[in-house]
Amino acid sequence: MELQNLKGRIALVTGASSGIGEAAARALVAEGVQVVLAARSRDRIEALAGELGEGALAVATDVGDREQVAHLFETIRARFGGLDLLFNNAGVGYNGPFADSKPQEWRLTIDANLYGVLNCTQAAIPLLRGRPGAMISSVSSVGGRHGIEGWAVYNATKFAVVGFHDALRKELGPEGIRISLIEPGAVYTQWGHNVPAEAMQQRRDQLEALQAGDIAHALVYAFAQPANVNVQELLVMPTKQTYP
């Protein structure tokens with residue numbers, strides 16, 4: 001089976017200031033893909049774009065804001081004329097019992113994890129149409145398959161993303177647009193807004209957690225498959241992680 005040559009393809013990576021986003025951008029650029037980096041942290045994505053060189057363009061964007069997303073995709077359309085890969089990676093999570101949670105945290109989680117995916121996906125579809133091997137790939141989570149104590153709202157958004165992609169696959173598959181999910185277990189990243197860093201580090205060390213590059217490799221693997229091959233879901237877990 002001959003994999004796609006990715007050189008010259010156009011990809012958008014959201015949440016590009018995160019560990020997974022940065023690793024994905026590096027892996028794609030290494031394959032000759034032109035990458036658009038989107039995140040709220042302008043300084044971080046501009047620094048990354050400067051490091052990656054002509055293969056990267058930074059556009060500061062809050063994916064939960066439809067006006068900013070519209071500007072992002074208009075920039076892509078004007079600059080490149082189309083898009084081959086949307087990698088929905090932006091996301092947040094707040095830990096704690098739901099009974100004690102704050103509505104503001106619900107909104108921030110839903111805006112990034114769900115509305116961000118909806119906003120970017122809808123805007124991307126016209127730019128993906130007619131491009132062989134086009135793909136929408138999103139980071140869900142093992143928390144999109146199993147409820148985990150302390151992560152109820154995060155779980156709700158990730159379950160929603162799984163259902164959304166299952167329906168989208170049936171809507172866009174006949175047009176040749178592939179829909180893929182990556183569902184990581186524990187990963188060494190900065191993720192977890194209100195979880196003590198020491199506690200997260202200890203758990204990840206115990207599990208020999210994944211590196212951000214492991215998720216980036218999964219993305220490239222799925223994207224490089226022939227246009228008629230859709231890797232629908234990739235559940236990627238540390239070997240020692242036997243529970244959510």
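Tabulated values for the structure
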item	result
Counting DSSP beta bridges with both ends in the chain, the antiparallel % (nearest 5)	0 percent
GNM top mover of Thr75, Thr157, Thr109 - the chain, alpha-carbon springs below 10 Å	Thr75
Carbon + sulfur, % of accessible area of the chain - ligands and nucleic acids excluded, 1.4 Å	51 percent
Max mean-square fluctuation residue, GNM over the chain, Cα-Cα springs under 10 Å, options Gly150, Gly15, Gly93	Gly150
Dipole moment magnitude, nearest 20 debye, the chain about Cα centre, only Lys, Arg, Asp, Glu C-beta charged	380 debye
Region 92-135: equivalent-ellipsoid semi-axes (sqrt of 5 x gyration tensor eigenvalues, Cα, Å)	33, 9, 5
Taking the chain and dividing mean pair separation by its residue count, relative contact order in percent (alpha carbons under 8 Å, at least six apart)	21 percent
Extension gain from Leu3 to Gln68, taking 0.36 nm per residue of separation minus the Cα-Cα distance	20.0 nm
Dipole in debye (nearest 20) - region 67-155, about Cα centre, beta carbon charges: Lys, Arg +1; Asp, Glu -1	340 debye
Rounded FRET efficiency, nearest 0.05, which uses the C-beta distance separating Ala167 from Lys240 and R0 of 41 Å	0.75
Sparse-neighbourhood loop sites, trypsin sites (Lys or Arg not before Pro) in region 1-45 - DSSP loop, at most 12 other Cβ within 10 angstrom	Lys7
Cα gyration tensor category, rounded, prolate or oblate, for region 1-50 with a/c compared to 1.5	prolate
Prolate/oblate/rounded call for region 20-84, Cα gyration tensor, a/c under 1.5 rounded	oblate
For region 9-23, Karplus couplings with θ = phi - 60° (6.51, -1.76, 1.60), whole Hz, Gly/Pro x	6, 10, 10, 10, 10, 8, x, 6, 8, 7, x, 5, x, 5, 4
Helix axis angle, 212-223 relative to the chain longest principal axis, alpha carbon, degrees	40 degrees
Cα Rg over Rh - the chain, Kirkwood	0.95
5 angstrom amide H check on Ala134, placed H, neighbours 5+ away	Arg178
GNM top mover of Val229, Val69, Val117 - the chain, alpha-carbon springs below 10 Å	Val229
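The values are calculated or read from the model by the stated rules, or taken from the named source; none is laboratory data. Worth saying up front: this structure is predicted, and the values here are computed from it rather than measured. Neighbour counts are summed over all protein chains in view; Cβ atoms, including those assigned to glycine, are modelled from backbone coordinates with ideal geometry. Protein only, heavy atoms only, side chains kept; ligands, DNA and RNA dropped before computing areas. Shrake-Rupley method; radii C 1.70, N 1.55, O 1.52, S 1.80 Å.
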